[in-house]
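Visitor: There's a structure below that I have some questions on.
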Amino acid sequence: MKFLIISAAALLLAACSSTPPPTSMLDSDWQQFGYDRAMKGLVVQSDTKLINQLDGSQLKENNYQAYLIGYESGQEKYCQQSAYILGVVGKPYNGICDNSDWTFRQDYNSGRHSTAGGM
């Protein structure tokens, strides 16, 4: 039973982390996609990686730029949250704030090792 629960949780996490890129070529969709990825704490993807996920479709330069704009906006907002609380609640951190706030990872790790989450 324990194995079944762990397997289901792993599949759910895999499905959430591998959100496919938009199939439309609307810049607004690409910008939202970038924003959503950053708000999940996921690292920015290269244009090559996105092209590989598009199943043969071409990625237009303006779509990739819109993705980056959305990602930067989401990253800024993501990095404004409390890293300590993020660690306390056990959410993953992939290092997207390391360049903008060198204390973010340290605060996150302090939260992860805190006993506050068990209260």
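Read-outs: derived from the displayed coordinates by stated rules, not from any lab. None of these values were measured; they are calculated from a predicted model.
Visitor: By how many nm would the segment from residue 99 to residue 85 grow when fully extended, if each residue of separation counts as 0.36 nm and the alpha-carbon distance is taken off? List each step's numbers first, then the result.
Guide: Details: separation 14, 0.36 × 14 = 5.04 nm, distance 1.97 nm.
Extra length from residue 99 to residue 85 when fully extended: 3.1 nm.
Visitor: Follow-up question, since we're still on this one. Would you kindly compute the Cα radius of gyration of the range 25-78 and its largest Cα-Cα separation (Dmax), both in Å?
Guide: 10.4, 33
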